[in-house]
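Peer 1: Mind having a look at this structure? Questions to follow.
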Amino acid sequence: MGRKILAAACGALLHLSCDADGPSDSSVREIVGTSREALTIGQTTINAVAGQVLTETSATAFRTAGGAWQRVNASNSGAGRFDYSCTADNYASWCSHTLFMGAGNTAALGDVGLVSNGGATPRTYGVTMTSARDGYWFFRTTNPCPVSGGSCQNSSWETSRHTVASPTLVDLPQILASPTTGDIWIVSRGNTGMLLAKHSYGQAWNTNLTLYSNPCAGLVGKSTDRFRAAFDSNGQMHIVFVNYTDGIVQYEQFAPSGGGAFLCGLETVGPVNLPPDACGCGGVPTIPDLTNTCVRSLTIPNITVDMTANSMVVSYETNAGGACSGHTETRVYRKATIGSPWSYRMHTGCHTSVMPAVASINDGTSNVHMMTLYNPSGTGNLRPVNWTSVDGGATWNNGTYIGNSITFAGVNCYAGDYVSIVQDPPNASYFFTWGQNTPNWTIQGAVRGK
């Protein structure tokens, strides 16, 4: 049986102001005390597994064939494990489950992702790397959160393992569903940089994924990584990534129709300046401005598309300069239409703000929400913050705290690399999930918006 965790909300919004410096002072957004959009559900513990590290969350809202809604959240955990939690009663209570996949070099490793699609047989799909990092575990279910008589029941998942690249090269897989075809796509690093893998809607299970690698001439010889993607309303895929060679975040399009093709119209979103590894974390950038601790932080750009106008928002963290030197800020860029250039819209000021996750709510409005982990005062803590836009990312409101402090004291480099925000259609809302270091990353938190 799965484990049930009753929802117990806690935490309050606090006031904090900070110094601002960046490309435009008017674009700085700070923390305010009164939320413009009050949380319906405050911070809630949704999973707790002793001895397992529950960081790097990925969430999805799933509508069953019968029309009922479930919310599902997964996380990194021990080798060979896939730990997830879910709610089938609109956040009132949560069930937690573990799926075991592989052993040794074939064991499920981490960098989890979740997505759901509809159609005649709606499913939730998941992906995670193998320990050899030469491929993925790919898995699915028609009912991730079965409940009977008020008790959590075990869910049945189909699993398959796919080798797609040379060992150690696969990293950071993201899973997403086409809004026009229902095809499931995995975006990750591969042998030559960007790698896309497709499972077509209706394709027989445990058959080969269709692979696409980026052949664009403008990327030959470049060091690229941290690929993230989103679909527009026409089923076109939009991809952002870090080009380390040129010190920029770049943008690319992929057309899935026909045989599938990268369009190779590479565009620069904005500059990126990685923080140094000041802590001996294997050369990985570390979060500055945390006292008495060292925590790594990968610059992973995120992209979302407003399906109404097909406008796009990208957010990413970068080492700040000028008066904010020694801090990592989050920057936001926008593309008003597919054919328009990228424009700088906002940054989060002189206080360190990392691991941004951004999502268009696509509920008939142009609301966009971004979650970051924010350092209020040069302490060893970060706090989850919600930043909002009501005009598709053109302008942004000040941020509000949505969770309690995450304590990093004594952490040795690893604290996960990303958090999650996802649309919640039946509530015309959204929810956020993240790992909470209380203690040793064994607890996950979540909140729901309006």
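Peer 1: Are any residues in segment 419-433 in a helix (DSSP H, G or I) and either buried (at least 20 other Cβ atoms within 10 Å of the Cβ) or polar (S, T, N, Q) (or both), and if so, which ones?
Peer 2: Asn427
Peer 1: Given the structure, is Ala79 assigned to a loop (DSSP other than H, G, I, E, B) and more than 21 Å from the chain's Cα centre (by Cα)?
Peer 2: no
Peer 1: If we only count strands (runs of 3 or more DSSP E) wholly inside segment 96-171, which ones have 3 or more residues that are touching a strand residue (DSSP E or B) at 6+ places or on another chain (Cβ under 8 Å) and surrounded by 22 or more Cβ atoms within 10 Å (Cβ to Cβ)?
Peer 2: 108-117, 123-130, 135-141
Peer 1: Residues Trp205, Trp185: which one is loosely packed, with under 14 Cβ neighbours inside 10 Å and aromatic (Phe, Trp, Tyr)?
Peer 2: Trp205
Peer 1: It is to be established whether one or more residues within segment 58-69 are within 17 Å of the chain's Cα centre (by Cα), more than 18 Å from Asn154 (Cα to Cα) and not in a strand (DSSP E or B).
Peer 2: Within segment 58-69, not a single residue is within 17 Å of the chain's Cα centre (by Cα), more than 18 Å from Asn154 (Cα to Cα) and not in a strand (DSSP E or B).
Peer 1: Would you point out the residue of segment 314-339, among those that are closer than 17 Å to Asn234 by Cα and either crowded, with 18+ Cβ neighbours inside 10 Å or without any contact (Cβ under 8 Å) to a residue 60 or more places away in the chain (or both), that is farthest from the chain's Cα centre (by Cα)?
Peer 2: The residue in question is Gly339.
Peer 1: Going by what's in this entry, would Leu382 be described as more than 26 Å from Gly235 (Cα to Cα), buried (at least 24 other Cβ atoms within 10 Å of the Cβ) and either touching a Leu at 6+ places or on another chain (Cβ under 9 Å) or among the aliphatic types (A, V, I, L, M) (or both)?
Peer 2: In short, yes.
Peer 1: Quick one: which residue in Gly126, Gly135, Gly110, Gly119 is out of contact with any Gly (no Cβ under 6 Å at 6 or more places or on another chain) and modelled with pLDDT under 95?
Peer 2: Gly110
Peer 1: Looking at Asp225, is it of a type in the set (D, E, K, R) and either in contact with an Asp or Glu (Cβ under 6 Å, 6 or more places away or on another chain) or in contact (Cβ under 8 Å) with a residue 60 or more places away in the chain (or both)?
Peer 2: So Asp225 fails the test.
Residue-wise test of (1) among the hydrophobic types (A, V, I, L, M, F, W, C); (2) assigned to a strand (DSSP E or B); (3) touching an Asp or Glu at 6+ places or on another chain (Cβ under 7 Å).
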position: Tyr344; (1), (2), (3): no, yes, no
position: Cys350; (1), (2), (3): yes, no, yes
position: Val354; (1), (2), (3): yes, yes, yes
position: Val358; (1), (2), (3): yes, yes, no
position: Met371; (1), (2), (3): yes, yes, no
position: Pro376; (1), (2), (3): no, no, no
position: Thr379; (1), (2), (3): no, no, no
position: Val385; (1), (2), (3): yes, yes, no
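Peer 1: Further, regarding this structure: Hey, among Gly445, Gly416, which residue is touching a residue at least 60 places away in the same chain (Cβ under 8 Å), in a loop (DSSP other than H, G, I, E, B) and within 30 Å of Asp171 (Cα to Cα)?
Peer 2: Being touching a residue at least 60 places away in the same chain (Cβ under 8 Å), in a loop (DSSP other than H, G, I, E, B) and within 30 Å of Asp171 (Cα to Cα) holds for just one of Gly445, Gly416, which is Gly416.
Peer 1: Answer yes or no as to whether Asp89 is of a type in the set (D, E, K, R), at pLDDT 90 or above and outside any strand (DSSP E or B).
Peer 2: Yes: the conditions hold for Asp89.
Peer 1: Got at least one residue in segment 401-411 being within 16 Å of Ser297 (Cα to Cα) and in contact with a Cys (Cβ under 8 Å, 6 or more places away or on another chain)?
Peer 2: yes
The values are calculated or read from the model by the stated rules, or taken from the named source; none is laboratory data. These numbers were taken from a predicted model, which means no experiment stands behind them. Neighbour counts are summed over all protein chains in view; Cβ atoms, including those assigned to glycine, are modelled from backbone coordinates with ideal geometry.
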